[in-house]
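Single-structure report; data block below.
The values are calculated or read from the model by the stated rules, or taken from the named source; none is laboratory data. Keep in mind the model is a prediction, meaning the values are calculated, not measured. All Cβ positions, even for glycine, are placed from backbone atoms using ideal geometry, and neighbour counts span all protein chains on display. Please note that ligands, DNA and RNA were not included when accessible areas were found on the heavy atoms of the full protein model with its side chains. Shrake-Rupley method; radii C 1.70, N 1.55, O 1.52, S 1.80 Å.
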Amino acid sequence: MGRLFGTDGVRGIAGEDMTCELAMNIGRAAATVLTYGRRRRPLVVLGKDTRISSDMLGAALAAGLCSVGADVIDLGVVPTPAVAYLVMKYKADAGVMISASHNPFPFNGIKIFGGEGFKLPDDLEDQIETLIEKNRFSLATGDSLGQISHCTTAVRDYVEHLKSSIPTSLEGMKILVDCANGSASATAGQLFAQLGADAEILSAAPDGVNINENCGSTHMEALCEKVRATPGAVAGVAFDGDADRCLFVDEKGEVVDGDFIMAICGLDMLERGKLRRNTIVGTVLTNLGFARFCEANGMHFAATKVGDRYVLEEMEQEGYTLGGEQSGHIIFRDYATTGDGQLTALQLLCLLKRCQKPLSELAQVMTRLPQVMENVKVSAAGKLEFYNNDAIKAAIRAKKEQLGDTGRVLVRVSGTEPLIRVMVEGQDEALIQAIATELAELVRSELA
């Protein structure tokens, strides 16, 4: 069996590789590993996004949990960061989210949090995989079987937590909010209304198959046009399917990505003495312009592997307070244990209200170097073959030498989708586009 867990849980196409049987066994194994040595009955909170397969997989996973004696609190449709928060508030042993985040609706996945709200480290994921592979579980019987209860306060409790993260209302701010027909559809309307914002809620009518479809943080075009056409709009906010990502659109209709959000918020935190050790954590995909911004403003930039879990690990080890990814996973460690799109939105909107400057002006603190990303679809075998392909390795080395100190090349296997991602960055936009296209075509021909 190949490794189940990627950079953000287990993912696959629902009904094909992401089956009910697998979901049930993940539930059994997770409960066994996370509650080993504890005498009381395990308690697990379970959330889901709006995909048509989420009910099916959630039911299977809950059955697996109950079959080994764990009780389940079904939270219903909530964002992933709500699970991370509520597992602590409800004093549960673990939390599970059924979601494939930004992926199209045929995909689904399982994300697991420990009792302190953190995504699982590699060693615990390995233990879960070993149990699944051996198919050895201590099944409960009689009154030892777990039970399922349904929580009616999850959305309210999570919204109250988000509201407590800012010291003021958002009254007088006209914003457009794109919920990606996902988990934010259950929370964003209440959140922004209770904070007094003049918020127009978009893409908040999930039907099971329209999650992330031409909307949300992976498809910003419609939101950009909407902001341009809306008089008085100060910003647009876009979440992904499980609302752990957030991207912005400024008042002129231009995208403000995660790197810019971190730059704006990081500089503000620095000035207010809230940026611990004057450091912001990003990943190897963070734009080179961000590193230069940090250096110019007396801040340190720490880069990790791709994945907000690795960003958080670095933050925890060193005590940092801000980190994230260009894709919009932003971690404000003073308030959350994982990336939280709605929390990010509140932090930046509150900053906008306090400083009384347009978002387009604030975004000028950083200059972005041209960056090109090409995605190449491959099979599971192709993803494995990538690591041993000499032609691809040689081409990457040659392109790195060609760019020298003026740019960089990063070709990697996606941890969440069946893709090889080719990223090229540099000062000459035409050159990096040509390099990215050439490398993507080589990967496609070699691994087809």
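Please go through the stretch 238-276 and pick out each residue that is more than 18 Å from the chain's Cα centre (by Cα), open to solvent by less than 10 Å² (accessible area, probe 1.4 Å) and within 30 Å of Phe107 (Cα to Cα). Passing the criteria: only Val249.
A residue that is touching a Ser or Thr at 6+ places or on another chain (Cβ under 8 Å), on the phi > 0 side of the Ramachandran plot, open to solvent by 20 Å² or more (accessible area, probe 1.4 Å) and not aliphatic (A, V, I, L, M) can be found somewhere in the stretch 191-199.
Regarding the stretch 139-148, can at least one residue be identified that is assigned to a helix (DSSP H, G or I) and open to solvent by less than 40 Å² (accessible area, probe 1.4 Å)? No, because not a single residue in the stretch 139-148 is assigned to a helix (DSSP H, G or I) and open to solvent by less than 40 Å² (accessible area, probe 1.4 Å). Residues that are over 27 Å from Ala303 (Cβ atoms), charged (D, E, K, R) and part of a helix (DSSP H, G or I) within the stretch 226-281 comprise Lys226, Arg228, listed in sequence order.
Being touching a residue at least 12 places away in the same chain (Cβ under 8 Å), in a strand (DSSP E or B), in contact with a helix residue (DSSP H, G or I) (Cβ under 8 Å, 6 or more places away or on another chain) and not hydroxyl-bearing (Ser, Thr, Tyr) is a condition met by at least one residue of the stretch 13-31. The condition of being hydroxyl-bearing (Ser, Thr, Tyr), under 21 Å from Leu359 (Cα atoms), at pLDDT 95 or above and open to solvent by 30 Å² or more (accessible area, probe 1.4 Å) holds for only one of Ser169, Ser185, Ser164, Ser203, that being Ser169. Filtered by the rule that a residue be hydrophobic (A, V, I, L, M, F, W, C) and closer than 16 Å to Val256 by Cβ, the stretch 208-221 gives a lone residue, Met220. Go through the residues of the stretch 292-302 one by one and say whether even a single one is under 20 Å from the mean Cα position of the chain (by Cα) and outside any strand (DSSP E or B). Checking the stretch 292-302: not a single residue is under 20 Å from the mean Cα position of the chain (by Cα) and outside any strand (DSSP E or B).
Consider the stretch 126-138 and keep the residues that are part of a loop (DSSP other than H, G, I, E, B) and either without any contact (Cβ under 8 Å) to a residue 40 or more places away in the chain or out of contact with any helix residue (DSSP H, G or I) (no Cβ under 6 Å at 6 or more places or on another chain) (or both). The one that is most open to solvent (accessible area, probe 1.4 Å) is Arg136.
Filtering the stretch 171-199 down to residues that are part of a loop (DSSP other than H, G, I, E, B) and in contact with a strand residue (DSSP E or B) (Cβ under 8 Å, 6 or more places away or on another chain), which residue is nearest to Val83 (Cα to Cα)?
Quick first cut of the stretch 171-199, residues part of a loop (DSSP other than H, G, I, E, B) only: 171-173, 179-182, 187, 195-197.
Now drop any that are not in contact with a strand residue (DSSP E or B) (Cβ under 8 Å, 6 or more places away or on another chain), which leaves 172-173, 179-180, 182, 197.
Values: Gly172: 31, Met173: 29, Cys179: 18, Ala180: 19, Gly182: 15, Ala197: 25 Å.
Once the filter is applied, the top-ranked residue is Gly182.
Residue-level analysis places Ile26 outside the set of residues that are more than 18 Å from Leu145 (Cα to Cα) and crowded, with 20+ Cβ neighbours inside 10 Å. The sole residue among Thr338, Thr283 that is more than 24 Å from Gln371 (Cβ to Cβ), touching a Lys or Arg at 6+ places or on another chain (Cβ under 8 Å) and crowded, with 21+ Cβ neighbours inside 10 Å is Thr338. Please find, within the stretch 303-322, the residue that is nearest to Phe260 (Cα to Cα) out of those that are open to solvent by less than 10 Å² (accessible area, probe 1.4 Å) and not in a helix (DSSP H, G or I). My answer is Leu322. Note on the stretch 35-53: residues that are buried (at least 24 other Cβ atoms within 10 Å of the Cβ) and either touching a helix residue (DSSP H, G or I) at 6+ places or on another chain (Cβ under 8 Å) or β-branched (Val, Ile, Thr) (or both) total 7. When the residues of the stretch 423-445 are filtered to those that are open to solvent by less than 50 Å² (accessible area, probe 1.4 Å) and more than 28 Å from the chain's Cα centre (by Cα), the one that is nearest to Gln371 (Cα to Cα) is Ile435.
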